[in-house]
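Values quoted throughout were computed directly from the atomic coordinates according to the rules given, and no laboratory measurement underlies them. A quick note: this is a predicted structure, and the numbers were derived from the prediction, not measured. Backbone-built Cβ (ideal geometry, glycine too); neighbour counts: all protein chains shown.
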Amino acid sequence: MTRFDARYYERFYGDADGVHDPAQIAHLATAVHELCSWWGTAPETVLDVGAGVGMWRDWYRRTHPTVHVLSVDVSPYACERWGHELRDIATWAPAEPHDLVICHGVVHYLDDLAAEAAIDHLGAATSVVMYLELPTAHDLAEVVDPDRTDMAVHHRSGEWYRSRLARHFRQVGAGLWVKHGTVPMFELEAATGSG
Ligand SMILES: C[S@@+](CC[C@H](N)C(=O)[O-])C[C@H]1O[C@@H](n2cnc3c(N)ncnc32)[C@H](O)[C@@H]1O
């Protein structure tokens, strides 16, 4: 049994004190989808990596039923209960890239080698935009509420992640990363670098 079992999802998603809920994800998903549309790349294919209870996938099904969403997770329990494909992003990338890749609260669970491989697979999986959320060592020390957050994760610096993500993406901000060579950004529209 992996750590991602029924007790894990009950602990972090089971009640009002959970890490986030469908109403909050609806705000975030609306913003991400609409920003992609503003950039002229309204997603038609979406990959949700580490989908967990499936909030992103459910939002897309409800609000954009024509968008093709593939949800994957490494947890046999989550796949059985919420209907995802069983995949480990450290060892797998889809055969075809997706317009939008969601990776919300996942990569900090992987050790350094697996996390680096996962970032390369996320790069290969994304044709235009990725939404990435994870807490860095700074966030775990200074930002998150330890009573509502899984603290038994890998504590790595923002620079550790940025240097690896920069091989594939330009950081826009607010969790959005644009694949190199896709959306041209105004200089002050993106946080770092060039396309
Ligand atoms: C904190 S939950 C996030 C769930 C969902 N993304 C959300 O934000 O509500 C972390 C999820 O990542 C999954 N996960 C962890 N390691 C993974 C891996 N190597 N490949 C795919 N999924 C993974 C876990 O099984 C778990 O469902």
### Message
Looking at Ser75 and the list (1) within 13 Å of the ligand (Cβ to nearest atom); (2) under 15 Å from the mean Cα position of the chain (by Cα); (3) polar (S, T, N, Q), which single condition is not satisfied?
### Response
(2)
### Task
Check Trp160, Trp177 and return the single one that is of a type in the set (A, V, I, L, M, F, W, C) and in contact with a helix residue (DSSP H, G or I) (Cβ under 7 Å, 6 or more places away or on another chain).
Trp177
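Counting only residues that are within 11 Å of the ligand (Cβ to nearest atom), of a type outside the set (Asp, Glu) and buried (at least 19 other Cβ atoms within 10 Å of the Cβ), give me the helices (runs of 4 or more DSSP H) lying completely in segment 98-177 with at least 1 of them.
Result: 112-125.
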### Task
Return a yes/no flag: does segment 34-41 have any residue that is in a helix (DSSP H, G or I) and surrounded by 19 or more Cβ atoms within 10 Å (Cβ to Cβ).
yes
### Summary
Note on segment 42-56: residues within 16 Å of the ligand (Cβ to nearest atom) and not in a loop (DSSP other than H, G, I, E, B) are Val46, Leu47, Asp48, Val49, Met55, Trp56
### Message
Quick test for you: out of Arg81, Arg61, pick the one residue that is more than 12 Å from the ligand (Cβ to nearest atom), assigned to a helix (DSSP H, G or I) and surrounded by fewer than 21 Cβ atoms within 10 Å (Cβ to Cβ).
### Response
Arg61
